[in-house]
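So the structure is just underneath, and the comments pick up after that.
The values are calculated or read from the model by the stated rules, or taken from the named source; none is laboratory data. Predicted model only: the values in this text are computed from it and were never measured. Cβ coordinates were reconstructed from backbone atoms using ideal geometry, including for glycine residues, and neighbour counts include every protein chain displayed. We work out accessible area using only protein heavy atoms, side chains counted, and drop any ligands, DNA or RNA first. Shrake-Rupley method; radii C 1.70, N 1.55, O 1.52, S 1.80 Å.
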Amino acid sequence: MKKELKLQRIVMEVFGGCNYTCQMCPQSNPGRGKNFTRKMPLKEFERILDMIIPKYGTPIINLEGSGEPTMAKDLYDYVHAVKKRGLKCYMYCNGANLRGEFMKKVIDAGIDFIRFSIIGYNKEVYKKWMNIDNFNLIIQNIKEARKYIAETGSNCQLSTYHLITDNSQLTYEVEEYKKNVVKKTEILSYIWKMHNWSGNYENKNARKKTDRKSCGRPNAPELTVRAGGKAGRTGAVVPCCQTLGPPNEEKSILGHLDKNNFEEVYYSDKFMELREAHDSKNFDKIDYCKDCDFLYQDPEILVWSNDKTAKINHMLGTDDNFILTNYNKEERLNEKKS
C-alpha cells in the first residue's frame, strides 16, 4: 500500500530560459539547451496543478525551477492561477524585470514571497559573477517593490540571496553584504556557500567534503517540474533543481507530466531506483548524484541569515526537515508492488 503523500512544495518552472549569464550557473556555461529553455503554457501549468492538487496536498508553488520567471510577460497570470486554488506562491528571480507596472501586477496577483538573487556584495563583485552591471538597478527595484507593498497593504515578503564567492574571505563578504545590500534594502537575506549543480559545474568555492549522506530530496515532500524536457515534451519531472544543464539535466528526467499522470511518474521505476540508491547510500549508481556536493552535510553551508527560522535542511515555506522525511526501503518496495 502506498504511503499517504502530502506534498509541501512544487517547483513549477514557468520559463526555462534566463536573461542573465551568471559565471556560476550552467544556464550560461555550457548552456542549458533549447529543449529546456521554453515557456510552460499557462493551460499546461494549470492542468498539472489540477492533476496533483488537492489529492496530494496543498503545497507551496515556487515559480522558478532553474529559469528566470520574470521573462514570462504574463507572469501575473501564473501567480493568479496559483492563488485562485488557495495555494501560496513563491518566486526566486534575478529581479531585473521586476519593476514598474509589471512588478505591481505580480504583487497585485497575490504573490506571497519573492527572492532576489544578488550574487555579489558590491557593484563590482556583482558584475563579475552575474556578468551584468545591474547591482544598483536591483537595489532600486527592491526598494520600489517594498514601497508598493507598504502602500497597498500586500502580504508579500521580499528577500535576497547571496553565494559566497571566496571561501577565504567569508567573514568579510558577510559584513560587506550586510552593509551594501541588507542595510539598504531592509529585508530578509540568506547567504550560502556555492554548490556544483549535481557535478555539472566545477565549484571554484567548493564545500567542505564530509562523509556522503542523502540530501533528502528524493524522499522529500516536494516535486520539481521543468517547463520543457526531452525533444517535443513539456513538464519534465527531475529530482531537484540542481540537475541543471548538460550532461545531467536530461539524464535526470524521471518522467513527463504532459502525457503521463502524476502517479505514473512519482512511482515509476526510475524514481524508485533513485530513492533506493539514496536509502542505501549507493550514490555512485546515479550519474547525476555521484558528484553532487549536496551530499556533503556541511553545517556551515548556510553562512548567515537574518531570518531566525532559516535551517539548512528546510526549503523556504516547508515544515519538514528533508533529511528526516525519508521512509524506509520496505515501504518503498510496498509502493512499487501496489
Q) Quick check, is Lys230 touching a helix residue (DSSP H, G or I) at 6+ places or on another chain (Cβ under 7 Å), in a loop (DSSP other than H, G, I, E, B), of a type outside the set (Asp, Glu) and open to solvent by 50 Å² or more (accessible area, probe 1.4 Å)? A) yes
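Would you say Val237 is surrounded by 15 or more Cβ atoms within 10 Å (Cβ to Cβ), free of Cβ contacts under 8 Å to residues at least 40 places away in the same chain and not in a helix (DSSP H, G or I)?
So Val237 fits the description; yes.
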Q | Criterion (assigned to a loop (DSSP other than H, G, I, E, B), modelled with pLDDT of 95 or more and of a type in the set (Phe, Trp, Tyr)) met by exactly one of Tyr78, Tyr121, Tyr148, Tyr92 | A | Tyr121
Q) Out of region 206-223, which residues are buried (at least 17 other Cβ atoms within 10 Å of the Cβ) and in a loop (DSSP other than H, G, I, E, B)? A) Arg207, Ser214, Cys215, Gly216, Ala220, Pro221
Q.
Could you tell me how many of the residues in region 241-280 are at pLDDT 95 or above and touching a Cys at 6+ places or on another chain (Cβ under 9 Å)?
A. 4
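Anything in region 83-100 that is over 17 Å from the mean Cα position of the chain (by Cα), farther than 21 Å from Ile132 by Cα and either open to solvent by less than 10 Å² (accessible area, probe 1.4 Å) or β-branched (Val, Ile, Thr) (or both)? List them, or say none.
Leu87
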(Q) So if I check each of Gly67, Gly57, Gly17, which one is small (Gly, Ala, Ser), part of a loop (DSSP other than H, G, I, E, B) and either open to solvent by 40 Å² or more (accessible area, probe 1.4 Å) or out of contact with any helix residue (DSSP H, G or I) (no Cβ under 9 Å at 6 or more places or on another chain) (or both)? (A) Gly57
Q.
Which residue is modelled with the lowest pLDDT, if the candidates are limited to region 281-332 and must be basic (Lys, Arg) and either under 18 Å from Asn196 (Cβ atoms) or within 17 Å of the chain's Cα centre (by Cα) (or both)?
A. Lys311
Q: Among the candidates Thr70, Thr21, single out the residue that is among the hydroxyl-bearing types (Ser, Thr, Tyr), closer than 30 Å to Val125 by Cα and modelled with pLDDT under 95.
A: Thr21
Q) How many of the residues in region 35-47 are more than 18 Å from the chain's Cα centre (by Cα) and in contact (Cβ under 8 Å) with a residue 12 or more places away in the chain? A) 5
(Q) Just to be sure I understand, how many residues within region 32-52 are open to solvent by 20 Å² or more (accessible area, probe 1.4 Å) and not acidic (Asp, Glu)? (A) 11
Q. Of the residues Ile149, Ile111, Ile107, Ile118, which is in contact (Cβ under 8 Å) with a residue 24 or more places away in the chain, within 24 Å of Val303 (Cβ to Cβ) and open to solvent by less than 50 Å² (accessible area, probe 1.4 Å)?
A. Ile118
Q.
When the residues of region 171-192 are narrowed to those that are in contact with a helix residue (DSSP H, G or I) (Cβ under 6 Å, 6 or more places away or on another chain) and either of a type in the set (Asp, Glu) or in a helix (DSSP H, G or I) (or both), which ends up least open to solvent (accessible area, probe 1.4 Å)?
A. Thr185
